[in-house]
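Here the structure is laid out as structure tokens; the discussion comes afterwards.
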Amino acid sequence: MNSHRTAMGTASALVAALALTPLLAAGETTQILQSTLKGQEEMEANIVRFDVGEDWVTDRHIHPGHVFVYVTEGSIEVDVEGEDPRSILAGEAFYEPPDRPMVARTVSSDGASFIVFQMGPKGEPIMVSQPE
């Protein structure tokens, strides 16, 4: 049973990472954790590390779940629809509510690294493209 659960978790992590690929030109993702929430089996937590280059920019997208981001190196700009764009520096964190269209890009010339923690519906991708 445990080997089946491990295989399913690994497959889910791979699917989640692959779902990010179209949104992450010039970036790498590392799935750190994916876990169903005990007592809320319809929800899951995902922790993903992003390492991006100086020319990184996402497509316009939403997050189906609550997203918390901690920038570990460099800086990024986050442009959430209905808000002023803001720069997030290394050592800073921010919150993005679900289903808010946004674009993110690197601000620092050496690229950036950041950790994304998302709590959202189980089986949903972390990011969903939202063309205008």
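The values are calculated or read from the model by the stated rules, or taken from the named source; none is laboratory data. Here the structure is a predicted model, which means the values were calculated and not measured. Because the Cβ atoms are built from the backbone with ideal geometry, glycine has one as well, and the counts that use them run over all protein chains shown.
Can you tell me how many residues in the range 1-42 are farther than 21 Å from Y70 by Cβ and either in contact with a Leu (Cβ under 6 Å, 6 or more places away or on another chain) or at pLDDT 90 or above (or both)?
Qualifying residue count for the region: 6.
Is it the case, given these coordinates, that M102 is buried (at least 18 other Cβ atoms within 10 Å of the Cβ), touching a helix residue (DSSP H, G or I) at 6+ places or on another chain (Cβ under 9 Å) and in contact (Cβ under 8 Å) with a residue 40 or more places away in the chain?
no
If you go through the range 65-120 one residue at a time, how many are farther than 23 Å from T36 by Cβ and either part of a strand (DSSP E or B) or polar (S, T, N, Q) (or both)?
25
Based on this model, can you work out whether D110 counts as within 14 Å of G27 (Cβ to Cβ) and exposed (fewer than 14 other Cβ atoms within 10 Å of the Cβ)?
yes
Filter the range 37-63 for residues that are polar (S, T, N, Q), assigned to a strand (DSSP E or B) and buried (at least 16 other Cβ atoms within 10 Å of the Cβ) and give the result. Let's see the steps before the verdict.
Filtering the range 37-63 for residues polar (S, T, N, Q) gives 40, 46, 58.
Then drop every residue that is not assigned to a strand (DSSP E or B), which leaves 40, 46.
Correct list: N46 only.
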